[in-house]
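**Student:** Questions regarding the structure given below will be posed in turn.
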Amino acid sequence: MVKTKQAAIKPTLQINAIEYSLSLCIRGCLFEEGKRTSERAANMSTEGDNSNHVVPIIDMQEFDQDVEHYRKLREAAEEWGCFRVVNHNIPVGLMTQMKKVVSELFELPTETKRHNIDLITGSGYLAPNVANPNYESLGLHDLGSPQNLGGFFSQLDASPHQREILETYAQAIHELALDLGKNLAKSMGLVTDLFKEWPCQLRMNKYHFTPETVGSSGVLVHSDCGFLTIVQDDEKVGGLEAMDNLGAFVPIRPWPGTFLVNLGDVAKLWSNGRFLNVKHRVECKESSIRFSIASSILGPNEGVMEAPPELVDTEHPRLYAPITYEDYRKLRHTTKLATGEALELLRIHS
Ligand SMILES: O=C(O)CCC(=O)C(=O)O
Ligand SMILES: [Fe+2]
């Protein structure tokens, strides 16, 4: 059996004293507000105010108190492949400031936005095009890499304030993504830090919805390629829809202060077929600009991805052949199979 190689350890984040105290200030000033909002969100989830929200709700604070919560997470991952995360400790003030920075970056001249070039295919600026005329996107390959963040700041000539917010958000969302990865593994009985070595892509999306585009598509149906994506969806403008287990699209209604998590093809491969790679899309429902911020743990830079031996036995034979993330990404791209079917090309057991 091919063993998964550990990815190279990344250099630790170097921040000087001024940056550090600024970051503490931002975190400190915003924390209380964030805590209150997270508490409100959690209360909503127990007070029945969540009737509008059909996907499972995962409270990040319950993992410490209740082992049953891991079962709830596993069910959500297996039955939906997506869930809302509440009580996550990311201050709502930071989420608001990040959204403001994102909207400012999209205001830059197209010429400047085009400086946000791809580091790997599809990681940089995507202008509106014929297939997707209402959508544009800025991005960077790995928000855990100070070099990648620094490159992105220079490409867009970001202000010191914008850099500070982006850095703080990147660090906070990366921690949340790693916590989620750990908890998902633990829900399957595994203790691992594996995802720490995997790049975490940042995508900032802007949807130019107008009266003319109502009823049309913002982003076509797809599954995400990587392991998991944390989406900060627009706090007012809906349109995101996830497919349920009957094949029907259900609306993911905005819920400010919370995040939506989608599991992708790599999660299905890694869990030996147990986790669902949820199909989702964005539809234009109303004539308003919509923003979203998607942070995705992809797959390892080095070595193959495969289900760990603990998830393989006679009852659960290995379903997919080991493959590197880069090869899987290319396979999806060349076959144009964007809703998870590319995994079936790796199937070694039916
Ligand atoms: O805009 C959204 O809410 C989701 C976008 C999305 O599905 C993605 O970036 O993969
Ligand atoms: Fe997606």
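Just so it is clear, none of the values below were taken in a lab; they were calculated from the coordinates. Computed from a predicted structure; not experimentally measured. Note: ideal-geometry Cβ built from the backbone for every residue, glycine included; neighbour counts use all protein chains shown.
**Student:** Would you please name the trypsin sites (Lys or Arg not before Pro) within segment 74-130 that are DSSP coil residues with at most 15 other C-beta atoms within 10 Å of their C-beta?
**Tutor:** Details: sites: R74, R84, K99, K100, K113, R114; in loops: R114.
Sites meeting the loop and neighbour criteria: R114.
**Student:** If you don't mind, another one. Which residue fluctuates most in the GNM of the chain (Cα springs below 10 Å): L149, L166, L331?
**Tutor:** L331
**Student:** Mean separation of Cα pairs under 8 Å and 6+ residues apart, divided by the residue count of the chain: what relative contact order is that in percent?
**Tutor:** The value is 20 percent.
**Student:** Moving on. Which loop-located GluC sites (Glu not before Pro) does segment 87-133 contain, where loop means any DSSP state but H, G, I, E or B and the Cβ has at most 16 other Cβ atoms within 10 Å?
**Tutor:** Answer in residue order: E107.
**Student:** Around V86, which amide H atoms from residues at least 5 apart in sequence, or from another chain, sit under 5 Å from its own amide H, with H modelled in the peptide plane?
**Tutor:** Close amide H contacts, sequence-distant or interchain: I58, D59, M60.
**Student:** Just to check I understand the Karplus step: with θ = phi - 60° and J = 6.51 cos²θ - 1.76 cosθ + 1.60, what whole-Hz values come out for segment 219-235, glycine and proline as x?
**Tutor:** The phi angles translate into 9, 5, 4, 7, 10, 6, 6, x, 7, 8, 10, 9, 9, 8, 7, 4, 6 Hz.
**Student:** Which whole-number percent gives the relative contact order of segment 172-316, counting Cα pairs below 8 Å spaced six or more residues apart?
**Tutor:** Over segment 172-316, the number comes to 35 percent.
**Student:** Any idea what diffusion coefficient the chain gets from Stokes-Einstein, in µm²/s, Kirkwood Rh on alpha carbon pairs, 4 °C, 1.567 mPa s? Could you put the intermediate results ahead of the total?
**Tutor:** Values: Rh = 20.7 Å.
After rounding, the answer is 62 µm²/s.
**Student:** Is there a pair in K113/K330; K206/K330; K100/K206; K279/K336; K236/K285; K100/K279 whose C-alpha atoms are over 19 Å apart, and which pairs would that be? Provide the component values of the computation, followed by the final result.
**Tutor:** Numbers: K113/K330 25 Å; K206/K330 25 Å; K100/K206 12 Å; K279/K336 15 Å; K236/K285 12 Å; K100/K279 28 Å.
In this structure, K113/K330; K206/K330; K100/K279 lie more than 19 Å apart at Cα.
**Student:** For labels at V54 and K330 in the simple 7 Å Cα→Cβ model, what's the distance in nm?
**Tutor:** Those two pseudo-labels are separated by 3.9 nm.
**Student:** Choose one of Q201, H161, L176: the residue whose Cα lies farthest towards the positive end of the charge dipole of the chain (beta-carbon charges +1 Lys, Arg; -1 Asp, Glu; about the Cα centre).
**Tutor:** With unit charges placed on the Cβ atoms, the residue in question is Q201.
**Student:** Out of F106, N262, H88, whose Cα points farthest toward the positive end of the dipole of the chain (charges: +1 Lys, Arg; -1 Asp, Glu; placed on Cβ)?
**Tutor:** Going by the charge dipole, the pick is F106.
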